[in-house]
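*Asks:* Okay, handing you the structure first.
The values are calculated or read from the model by the stated rules, or taken from the named source; none is laboratory data. Source: prediction; values computed, not measured. Every residue, glycine as well, gets a Cβ built from its backbone with ideal geometry; the counts of neighbours run over all protein chains shown. Surface areas here come from the heavy atoms of the whole protein model, side chains and all, with no ligands, DNA or RNA. Shrake-Rupley method; radii C 1.70, N 1.55, O 1.52, S 1.80 Å.
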Amino acid sequence: MTQTLTREAVWVQVCELNDILLHAGVAAKVNGKQIAIFRVEENLLYATSNFDPFTKANVLSRGIIGTKGDVYKVASPLLKHSFNLKTGEYLDDPTITIPTYEVRVEDGKVWVKA
Amino acid sequence: MSTQNTHRLLVIGNGMVGHKFLESLQNKTHNMEVTVLCEEPRLAYDRVHLTSYFDQPKPDLAMGRIEDYQAWGIRVVMEKATHIDREQKTVHTSTRALKYDTLVLATGSYPFVPPIQGKDAEGCFVYRTIEDMDAIYAYAQSSKEGVVIGGGLLGLEAAGALKALGIKTHVVEFAPRLMPVQVDEQGGKLLKKKIENMGITVHTSTATQSIDLENGKVKGLTFSDGKSIEAQMVIFSAGIRPRDELARASGLEVGERGGITINEACQTSDPSIYAIGECALYKGRIYGLVAPGYTMARVVADQLTGGKSEFTGADMSTKLKLLGVDVGSFGDAFAQTPGSEEMFFTDPLKGTYKKLVLSADGKKVLGGVLVGDCSDYSNLHSLFSNAMDIPGGPEHLLVPAPAGGGTQVKATLPMTATVCSCENVSKGSICEAVMGGAQDIPSIKKCTKAGTGCGGCVPMVTDILKEQLLLMGQEVSNSICEHFDYSRQELFDLIRIKEYRTFGEVLENHGHGLGCEVCKPAVASILASLYNEYILKQEHAPLQDTNDRFLANMQKDGTYSVVPRVAGGEITPEKLIVLGEVAKKYNLYCKITGGQRIDLFGARQEELPLIWADLIAAGFESGHAYGKSLRTVKTCVGETWCRYGVQDSTTLGIKLEERYKGLRSPHKLKGGVSGCTRECAEAQGKDFGIIATEKGWNLYVAGNGGMKPKHAQLLAADLDEETLVRYLDRFLMYYIRTADRLQRTSVWLEKLEGGMDYLRKVIVEDSLGIGAELEAAMVKHVGTYHCEWKETLANPEKMKHFRHFINTDEGDDNVVMVEERGQIRPAFDFEKADLLPMISGD
């Protein structure tokens with residue numbers, strides 16, 4: 001049976017900032033959801049869902065981070081679909097978006113609200 | 001909300017054409033209330049590719065998505081229309097009545113089943129819907145032989161599908177040849193031969209008398225000449241008939257042999273009712289292809305939103321791959337134009353047939369038939385569709401240009417030429433888009449929709465893009481991406497000469513932005529080719545594509561496959577047992593690869609270090625199957641065991657694989673060594689291939705299998721082993737330094753000015769004087785080889801990155817395996833749906 005669970009978003013401490021390589025991502029499980037957290041600059045993080053809607057696999061945290069113009073993006077490692085890290089928009093068709101989450105760093109710890 | 005002023009648009013039918021109509025209307029329906037009636041239990045799907053429904057994994061053929069329809073403000077009623085009341089402007093279903101101001105009939109067609117005795121028995125099918133496919137699939141499980149009645153396009157598709165389901169297959173065609181509508185007698189003969197070679201029995205000029213039954217089920221066919229065959233299932237594919245019954249009952253004008261009569265605006269005899277697609281009859285003709293239906297859909301969408309487009313007939317040209325055979329037909333394929341001339345070219349060895357129909361003066365192409373090779377189709381079709389004068393002489397169109405040069409006739413298209421016939425995009429619109437700033441293929445696709453249908457025009461769109469950029473005085477950019485204004489070769493030289501060691505340095509001095517998934521792995525690969533450092537060093541790790549990042553090959557569900565090196569394909573029984581034990585321990589799927597190795601699939605990211613710890617303990621090392629690097633050197637058993645072998649191919653293959661292992665290159669590399677000219681290692685299909693002769697080794701280079709197979713070419717003959725290795729070192733390093741990103745050796749050689757002769761001068765005669773440098777670079781590589789997995793396991797810091805989640809030891813709960821043929825495979829979505837809880841709340 002398919003079961004639908006809805007959970008209210010909460011702030012959760014996930015890892016140390018230095019657990020995430022600069023210019024790379026990690027996956028975390030937060031409140032039952034798979035979240036991809038990306039360290040795009042020394043102290044700038046973004047968080048999106050880890051789920052690639054095109055290939056239906058939890059792989060986005062393993063994508064390569066880059067820029068398109070001024071936009072920070074991640075390219076899915078499977079078929080290279082690129083998503084805007086800030087808004088979750090799929091760059092070739094803005095009608096498709098992936099969920100994004102709030103993320104912050106406090107005393108070297110990474111917190112995500114999901 | 002309906003108000004007095006909203007216009008009620010009702011569409012009956014949600015096939016491909018009905019869907020295209022709604023899609024063409026999107027964003028223009030603000031003052032309309034749009035409803036579509038859909039009789040099948042699902043929204044529109046891609047019927048043209050229905051046969052692929054039997055593929056594994058099952059493709060998603062859906063075209064109409066309920067979310068899209070909701071976003072477009074379209075109401076979907078999943079019911080069958082039963083009656084049209086034109087007086088009241090109402091369409092009835094069994095449960096409701098729907099009012100309309102405008103009605104569009106997109107009711108399509110149904111398969112014609114000839115009135116043969118026994119046609120309704122159990123085991124008889126038609127080939128039209130997903131339900132038909134399911135029924136055929138299920139019945140095929142208990143059948144041995146099957147017959148397809150009808151040897152047209154769809155019939156051959158159906159035959160291919162039956163064959164693929166493991167059934168002995170017959171095709172019965174009433175006409176004297178297959179595909180009688182598209183192909184002429186000669187072409188039909190060749191097609192028949194090709195299809196028979198695949199093990200399908202073809203009966204032409206044959207009429208079916210009756211279907212023989214046993215207990216109400218099909219057991220065979222009897223032909224009108226008295227002969228009979230056995231079969232447990234029959235698929236009818238004898239053409240289509242328009243579904244005009246609703247129109248007919250409501251008193252709309254229909255053709256003598258069916259079809260709803262329409263005018264240029266696609267209006268029926270009632271001006272508030274339109275008909276599009278296979279149910280519509282224009283000037284006495286039903287168009288049984290999807291492209292003309294799409295044109296009608298666009299015409300009506302345009303009419304309803306104030307435009308004035310017209311439908312004035314359509315090109316019935318077709319190009320397709322049937323059971324792997326290219327078949328193309330266009331224009332006046334049967335030379336019915338008065339005074340026209342025919343020209344033929346047959347190559348019985350290659351199994352190709354080409355016919356051109358020329359105007360009386362021989363200056364224009366009026367039509368043609370191609371069987372076995374359709375590579376010239378788009379060139380010929382555009383000469384025809386644009387009525388252009390043939391450049392050169394018509395004979396050049398038929399006879400292939402001699403290899404390595406010669407004149408390839410490529411006409412410059414006029415601006416009005418249709419380039420993409422699926423979406424009806426002209427060359428002019430593409431050029432405009434390019435001038436408007438769409439200067440790569442994705443932007444052109446987005447802006448013009450060209451290339452988004454069947455995709456067959458993409459090569460031509462690429463040519464037009466380049467041509468237009470040159471015209472605009474722009475250099476055709478060869479920079480690898482927006483972050484660097486350099487080609488890979490230029491980057492390679494920059495990095496080598498300035499001795500940069502990290503991506504950061506290269507970006508800072510020569511790039512902009514942060515980089516991307518194109519330039520990062522490219523620079524990572526160049527750095528690895530030059531310095532061969534550990535690729536997961538902190539500064540290199542974020543540059544790697546996922547395969548290199550996790551030192552394994554990512555598969556569709558996010559799990560990985562593991563391939564240890566089995567040099568030359570030689571493996572001891574002990575090691576073979578270890579592979580089996582490891583696979584069993586971690587429940588991995590096992591497959592022997594094309595390169596003589598054993599691939600273990602289904603490893604979760606967090607299991608990779610555990611698996612490799614076991615493999616390394618047993619003496620294995622990384623096979624680099626994940627890298628753009630040397631994969632394998634395939635060998636035969638050579639003189640050691642084979643009664644024909646003249647040299648020891650296995651030993652040489654192992655030596656070469658050991659020498660070049662870990663060598664990172666623009667594209668993956670493969671090699672092969674055969675012990676005699678029988679070529680059991682298929683060495684000529686590899687980037688480098690070596691074939692033993694009585695006198696030494698013959699070295700072939702720049703071949704490949706894959707999407708565009710190429711035979712390797714002879715670089716030098718009768719070499720001793722030392723010279724062979726020297727030439728190979730030079731060849732590989734020269735390629736690595738000068739090729740584009742992801743460019744195979746074969747393509748690199750094609751683009752190399754001077755071709756093979758030039759390459760031979762560089763490698764064999766050392767005409768550039770760089771031989772020693774290239775050899776030294778290879779020696780350096782060999783000296784710095786290290787097993788990346790061994791290094792990774794020795795570094796506890798790196799192991800953390802293999803966990804799926806940074807904050808828990810859990811694995812990915814979306815990875816679900818099911819069992820097939822005694823091993824695991826990833827579950828398909830529909831299998832997962834019942835197994836996984838869904839989390840929402842976003």
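*Asks:* Going residue by residue through the stretch B:818-835, is there one that turns out to be of a type in the set (Val, Ile, Thr), within 12 Å of another protein chain (Cβ to nearest Cβ), outside any helix (DSSP H, G or I) and farther than 18 Å from B:Ile611 by Cα?
*Replies:* Looking for residues that are of a type in the set (Val, Ile, Thr), within 12 Å of another protein chain (Cβ to nearest Cβ), outside any helix (DSSP H, G or I) and farther than 18 Å from B:Ile611 by Cα, one finds none in the stretch B:818-835, hence no.
*Asks:* Take A:Ala24 and decide whether it is at the interface with chain B (Cβ under 9 Å from one of its Cβ atoms), in contact (Cβ under 8 Å) with a residue 24 or more places away in the chain and open to solvent by 20 Å² or more (accessible area, probe 1.4 Å).
*Replies:* Criteria not met by A:Ala24.
*Asks:* Could I ask something else about it? Can you name every one of the strands (runs of 3 or more DSSP E) wholly within the stretch B:279-348 that holds 3 or more residues which are in contact (Cβ under 8 Å) with a residue 60 or more places away in the chain?
*Replies:* In the stretch B:279-348, B:318-322, B:325-331 are the strands (runs of 3 or more DSSP E) which contain 3 or more residues that are in contact (Cβ under 8 Å) with a residue 60 or more places away in the chain.
*Asks:* Another question, then. Are any of the residues in the stretch B:21-36 farther than 24 Å from B:Ala161 by Cβ and acidic (Asp, Glu)?
*Replies:* The answer is yes; a qualifying residue exists.
*Asks:* Still on this structure: If you check A:Gly63 against the conditions, is it in contact with a strand residue (DSSP E or B) (Cβ under 7 Å, 6 or more places away or on another chain) and either farther than 17 Å from B:Gln605 by Cβ or in contact (Cβ under 8 Å) with a residue 12 or more places away in the chain (or both)?
*Replies:* Taking the combined requirement at face value, the residue satisfies it.
*Asks:* When you go through B:Arg243, B:Arg248 one by one, which is the residue that is surrounded by fewer than 20 Cβ atoms within 10 Å (Cβ to Cβ) and not β-branched (Val, Ile, Thr)?
*Replies:* That would be B:Arg248, the only listed residue that is surrounded by fewer than 20 Cβ atoms within 10 Å (Cβ to Cβ) and not β-branched (Val, Ile, Thr).
*Asks:* Okay, moving on. Output the number of the condition that B:Tyr274 fails; it satisfies all remaining conditions of (1) in contact with a Phe, Trp or Tyr (Cβ under 8 Å, 6 or more places away or on another chain); (2) in the same structural domain as B:Ile12 (by the TED database).
*Replies:* (1)
*Asks:* To continue, here is another question. For B:Ser24, indicate whether it is at negative phi, touching a Pro at 6+ places or on another chain (Cβ under 9 Å) and open to solvent by less than 50 Å² (accessible area, probe 1.4 Å).
*Replies:* Answer is no for this residue.
A quick yes/no check of all residues on (1) buried (at least 17 other Cβ atoms within 10 Å of the Cβ); (2) modelled with pLDDT of 80 or more; (3) more than 29 Å from the chain's Cα centre (by Cα); (4) at negative phi:
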site: B:Gly362; (1), (2), (3), (4): no, yes, yes, no
site: B:Ser375; (1), (2), (3), (4): no, no, no, yes
site: B:Ile390; (1), (2), (3), (4): yes, yes, yes, yes
site: B:Pro402; (1), (2), (3), (4): no, no, no, yes
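*Asks:* Hey, another quick one. Return yes when B:Met198 is on the phi > 0 side of the Ramachandran plot and in contact with a Leu (Cβ under 7 Å, 6 or more places away or on another chain) and no when it is not.
*Replies:* no
*Asks:* Here are some residues: B:Gly216, B:Gly255. Which one is over 36 Å from the mean Cα position of the chain (by Cα), small (Gly, Ala, Ser), at pLDDT below 95 and not assigned by the TED database to the domain that holds B:Asp132?
*Replies:* Exactly one of B:Gly216, B:Gly255 is over 36 Å from the mean Cα position of the chain (by Cα), small (Gly, Ala, Ser), at pLDDT below 95 and not assigned by the TED database to the domain that holds B:Asp132, namely B:Gly255.
*Asks:* Of the residues in the stretch A:50-106, how many are under 21 Å from A:Leu22 (Cα atoms), within 10 Å of another protein chain (Cβ to nearest Cβ) and exposed (fewer than 14 other Cβ atoms within 10 Å of the Cβ)?
*Replies:* Of the residues in that region, 2 qualify.
*Asks:* Would you please list the contacts, defined by Cβ atoms under 6 Å and residues six or more apart or on different chains, that run from a residue in the stretch B:349-369 that is under 21 Å from B:Ile195 (Cβ atoms) to a residue that is of a type in the set (S, T, N, Q)?
*Replies:* Going by the 6 Å Cβ cut-off, the qualifying pairs are B:Tyr353/B:Gln186; B:Tyr353/B:Thr346; B:Val369/B:Ser329.
The rows are residues; the columns are (1) touching a Phe, Trp or Tyr at 6+ places or on another chain (Cβ under 8 Å); (2) within 11 Å of chain A (Cβ to nearest Cβ); (3) more than 30 Å from B:Lys655 (Cα to Cα); (4) surrounded by fewer than 16 Cβ atoms within 10 Å (Cβ to Cβ).
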position: B:Lys780; (1), (2), (3), (4): no, no, no, yes
position: B:Tyr785; (1), (2), (3), (4): no, no, no, yes
position: B:Glu788; (1), (2), (3), (4): yes, no, no, no
position: B:Thr792; (1), (2), (3), (4): yes, no, no, no
position: B:Glu797; (1), (2), (3), (4): no, yes, yes, yes
position: B:Lys800; (1), (2), (3), (4): no, yes, yes, yes
position: B:Asp812; (1), (2), (3), (4): no, yes, yes, no
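*Asks:* Are any residues in the stretch B:174-199 farther than 20 Å from B:Gln336 by Cα and either over 24 Å from the mean Cα position of the chain (by Cα) or loosely packed, with under 15 Cβ neighbours inside 10 Å (or both), and if so, which ones?
*Replies:* Across the stretch B:174-199, the qualifying residues are B:Phe174, B:Lys189, B:Leu190, B:Lys192, B:Lys193, B:Glu196, B:Asn197, B:Met198, B:Gly199.
*Asks:* I would also like to ask the following. Taking the stretch B:737-748, which residues are surrounded by fewer than 23 Cβ atoms within 10 Å (Cβ to Cβ) and not in a loop (DSSP other than H, G, I, E, B)?
*Replies:* Selection gives B:Arg737, B:Thr738, B:Ser746, B:Val747, B:Trp748.
*Asks:* Restricting attention to the stretch B:170-201, which residues are closer than 24 Å to B:Ser224 by Cα and either among the acidic types (Asp, Glu) or assigned by the TED database to the domain that holds B:Phe345 (or both)?
*Replies:* B:Glu173, B:Glu185, B:Glu196
*Asks:* Could you pull out every one of the strands (runs of 3 or more DSSP E) wholly within the stretch B:151-235 that has 1 or more residues that are free of Cβ contacts under 8 Å to residues at least 60 places away in the same chain and in contact with a helix residue (DSSP H, G or I) (Cβ under 6 Å, 6 or more places away or on another chain)?
*Replies:* Output list reads B:168-172, B:201-203.
*Asks:* Taking the stretch B:667-701 only, how many residues are open to solvent by less than 10 Å² (accessible area, probe 1.4 Å), touching a Leu at 6+ places or on another chain (Cβ under 6 Å) and not in a strand (DSSP E or B)?
*Replies:* 1
*Asks:* Would you mind stating whether B:Glu657 is among the acidic types (Asp, Glu) and open to solvent by less than 10 Å² (accessible area, probe 1.4 Å)? Even if it seems obvious, please write down each step before you answer.
*Replies:* Details: among the acidic types (Asp, Glu): yes; open to solvent by less than 10 Å² (accessible area, probe 1.4 Å): yes.
Taking the combined requirement at face value, the residue satisfies it.
*Asks:* I've got another one for you. Any idea which residue in the stretch B:704-736 is nearest to B:Lys670 (Cα to Cα), counting only those that are assigned to a strand (DSSP E or B) and over 31 Å from the mean Cα position of the chain (by Cα)?
*Replies:* Only one residue tops the list, namely B:Leu715.
*Asks:* Got at least one residue in the stretch A:39-48 being touching a strand residue (DSSP E or B) at 6+ places or on another chain (Cβ under 8 Å), surrounded by 14 or more Cβ atoms within 10 Å (Cβ to Cβ) and within 20 Å of B:Val816 (Cβ to Cβ)?
*Replies:* no
*Asks:* Still on this structure: Identify all residues within the stretch B:539-559 that are part of a loop (DSSP other than H, G, I, E, B) and closer than 17 Å to A:Gly66 by Cα; write none if there are none.
*Replies:* Here is the first cut: in the stretch B:539-559, the ones part of a loop (DSSP other than H, G, I, E, B) are B:539-540, B:544-545, B:551-552, B:555-559.
Those that are part of a loop (DSSP other than H, G, I, E, B) and closer than 17 Å to A:Gly66 by Cα: B:Glu539, B:His540, B:Gln544, B:Asp545.
*Asks:* With the condition kept exactly as written, say whether any residue in the stretch B:518-526 is surrounded by 18 or more Cβ atoms within 10 Å (Cβ to Cβ), without any contact (Cβ under 8 Å) to a residue 60 or more places away in the chain, more than 14 Å from chain A (Cβ to nearest Cβ) and farther than 20 Å from A:Gly69 by Cα.
*Replies:* Among the residues of the stretch B:518-526, at least one is surrounded by 18 or more Cβ atoms within 10 Å (Cβ to Cβ), without any contact (Cβ under 8 Å) to a residue 60 or more places away in the chain, more than 14 Å from chain A (Cβ to nearest Cβ) and farther than 20 Å from A:Gly69 by Cα, which makes the answer yes.
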